[in-house]
1. Using the structure shown, decide if ALA63 is of a type outside the set (S, T, N, Q), in a helix (DSSP H, G or I) and on the phi < 0 side of the Ramachandran plot.
2. Can you name the helices (runs of 4 or more DSSP H) wholly within region 126-189 that have at least 1 residues being at pLDDT below 85?
3. GLN53 passes all but one of (1) closer than 16 Å to GLU19 by Cβ; (2) not in a loop (DSSP other than H, G, I, E, B); which number fails?
4. Is it the case that region 113-125 has a residue that's surrounded by fewer than 16 Cβ atoms within 10 Å (Cβ to Cβ), part of a loop (DSSP other than H, G, I, E, B) and modelled with pLDDT of 85 or more?
5. Name the residue that is surrounded by the most Cβ atoms within 10 Å (Cβ to Cβ), counting only residues in region 47-75 that are of a type in the set (Gly, Ala, Ser) and closer than 23 Å to SER154 by Cβ.
6. Restricting to region 126-180, name every residue that is in contact with a Pro (Cβ under 9 Å, 6 or more places away or on another chain), surrounded by fewer than 17 Cβ atoms within 10 Å (Cβ to Cβ) and among the β-branched types (Val, Ile, Thr).
Amino acid sequence: MDLILSSFTCPSLTSLTLEGRSISSTPRMFHSLETFLTRSSCALTSLSIYGLQPTGDALIVIAKQLPSLTSLTIDDLAHSYHCTITPAFIQSLHNTFCLSSTPLLPKLHYLSLRYAGWDFDDAGFVGMIQSRCLSESDARRIGIEPLQSLVLKSYARTPTSFGEVAEIYEPLRRLKEAGFRLIVEGVLE
């Protein structure tokens, strides 16, 4: 994949799907992706990552180059103990914790995450989603577009372990009742 990413420049690219089943070349591959995006200067609107596990920091670096992204899908390797969706990545998507004047992924409408590992920042995740499920006018005021759809699934968690954190997800239940499309496997079904 590194060879392909380093060989092309695609300024008209709007959608990119990366798929793999190995984490051995992931750091180098995500550096190649970062370089490819910089070189292409494309207005990517959709990014899907399946079976590759970038670090949370690598995701943040890549996301900073994608202000036009409206759809993000991340699907970890099923049998991994490493979770791509780190607290740092979750916090970087939170519109009020943004250190720059422009929030990360300001046009994000669709977010689909399927994570491996046992550790997940449930409270931080719920706060981030609440910060993005806003009315059009509130979202416009802070420089983002409201999140329209969320899918969150876990390879590792059982219904019992989701039951232990169900209370944390209660604010999302209220958002779902207000009309946002939210699917949190094991909690909001």
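1. The answer is yes for ALA63.
2. Numbers: elements: 136-142, 159-165, 170-177.
Hits in region 126-189: 159-165.
3. The number of the failed condition is (2).
4. The answer is no; no qualifying residue exists.
5. Going through region 47-75, the residues of a type in the set (Gly, Ala, Ser) turn out to be 48, 51, 56, 58, 63, 68, 71.
Going one step further and asking which of them are closer than 23 Å to SER154 by Cβ, we end up with 48, 51, 56, 58, 63, 71.
Details: SER48: 15, GLY51: 16, GLY56: 17, ALA58: 20, ALA63: 18, SER71: 18.
Out of the qualifying residues, it is ALA58.
6. Correct list: ILE142 only.
The values are calculated or read from the model by the stated rules, or taken from the named source; none is laboratory data. Here the structure is a predicted model, which is why all the values come from computation and not from measurement. Positions of Cβ are generated from backbone atoms using ideal geometry, with glycine treated the same way; all protein chains shown enter the neighbour counts.
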